[in-house]
1. Along Cα→Cβ, 7 Å out, is where each label goes; now give me the distance between the ones at Ile187 and Gln199 in nm to one decimal.
2. Skipping prolines and chain starts, which residues have an amide H placed within reach, meaning under 5 Å, of the one on Ile206, given they are 5 or more residues away or on another chain?
3. Using +1 at the Cβ of each Lys and Arg and -1 at the Cβ of each Asp and Glu in the chain, identify which of Gly50, Leu166, Gly298 lies farthest towards the dipole's positive end.
4. Let me know the Rg and Dmax you get for the range 1-86 when you use only its Cα atoms, in Å.
5. Over the chain, with every protein chain in place, what whole percent of the accessible area is carbon and sulfur at 1.4 Å, could you tell me?
6. When the Cα atoms of the chain are enclosed in a convex hull and the volume is divided per residue, what value in Å³ results?
7. Could you tell me how many degrees, from 0 to 90 and to the nearest 10, lie between the Cα long axis of helix 135-147 and the main elongation axis, the longest principal axis, of the Cα atoms of the chain?
8. Work through the residues other than Leu113 whose Cβ is under 11 Å from its Cβ and net out their charges, Lys, Arg +1 and Asp, Glu -1.
Amino acid sequence: MKKIALHKTDSQTLIDSSRLIYGCMRISGDNTQADKVKGKQAIEAALAAGYNHFDHADIYGGGQCESLFGELLKQTPSLRDNIIITSKAGIRRNPQHYDFSHDYLTQSVDNSLTRLNTDYLDLFLLHRPDYLFNAEQVADTFKQLKASGKVKHFGVSNFKPSQVTLLQSAMDEPLLVNQIEINIHNISSLLDGTLDQCQQLGITPIAWCPLGGVAYPAWGNTFTAADEKRISVEINRQAEKYQCQAWQVILAWLLKHPANISPIIGSTTPERIQAATESLTIEYSHQDWYHLLEARNGYPQP
Ligand SMILES: NC(=O)c1ccc[n+]([C@@H]2O[C@H](COP(=O)([O-])OP(=O)(O)OC[C@H]3O[C@@H](n4cnc5c(N)ncnc54)[C@H](OP(=O)(O)O)[C@@H]3O)[C@@H](O)[C@H]2O)c1
């Protein structure tokens, strides 16, 4: 699997991640024994296909996704040194609100480490922006987490550029990633400066639900039947041209962007986990990138 340097400078690369990241949000399914077996098989398929980066959050499966992954690490401790584990916190449940307070974030990291059976997270992300966050306090929490050895590097998720700028201004070390929804339906990161900022600051944009609007309806879908038809005609034309499956076209479309988008693959189907890697070898053209954008928008670029 192709690798991508998360924050590369002339002198160092902080993390060498597989270009596709495996998303663990669904690995525990409904927490039945059969679903857990399927989840473990999915992780094994991801490892076999060359994914070395696994995405978690404290809330996935109510903690069960991290626990399942932790079972695997307990069985095979040697795995830990060869993989990158990301986890996130910041969304509190019951009642639901966002919270970047020191106590909550540090407690959440401790809980994730216990569930995952590991001493450290390679990357810790703030899951969704807490509008009430104080950048200095968060930077201080990050400093303490780093000093304790529990977290190696930091990033954010679903942050707008101004929020990244604010947090980064209080930190001594670089934010490595911004994990955001990017797919054929949600292209706001193209338009609101998020991807430009990523390029400027060397932040890797990580795309969640990359297949939304193609393999399944995207969150908050606003496409009409006519939009879906137009997009599907263009994607199918391109799938024929590149001799690949329709959903692989959209991964190639994301991978083409110069910000070096890293899609997260969250399928629990081993064949799909493997087949997603084929998108990395598609020689996708500049012109087709615009053809698909125009099919999505329903009008030609001026
Ligand atoms: N930061 C955030 O706010 C945030 C939000 C959401 C997700 N995430 C991360 O992003 C990862 C991916 O998100 P996701 O799991 O929603 O999206 P996904 O990887 O696109 O998979 C979503 C669902 O679509 C199905 N699917 C996948 N590929 C398909 C295909 N080619 N054809 C038909 N169906 C397909 C999968 O079913 P099967 O399992 O049956 O294949 C799965 O249930 C998550 O695991 C999580 O790590 C982050």
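1. Going by the 7 Å Cα→Cβ label model, 1.5 nm.
2. The list, which skips near neighbours in sequence, is Asn178, Gln179, Ile180, Ser262.
3. Of the candidates, Gly50 comes out farthest on the positive side.
4. For the range 1-86, the Cα radius of gyration and maximum Cα-Cα distance read 13.8, 48 Å.
5. 49 percent
6. Expressed per residue, the convex hull around the Cα atoms of the chain is 144 Å³.
7. It is inclined by approximately 70 degrees.
8. -2
The values are calculated or read from the model by the stated rules, or taken from the named source; none is laboratory data. What you are looking at is a predicted structure, and each value in this text was computed from that prediction instead of being measured. Methodologically, a virtual Cβ is constructed for each residue, glycine included, from the backbone with ideal geometry; neighbour enumeration extends over all protein chains shown. Note: accessible area is taken over every heavy atom of the protein model, side chains too, but ligands, DNA and RNA are not part of it. Shrake-Rupley method; radii C 1.70, N 1.55, O 1.52, S 1.80 Å.
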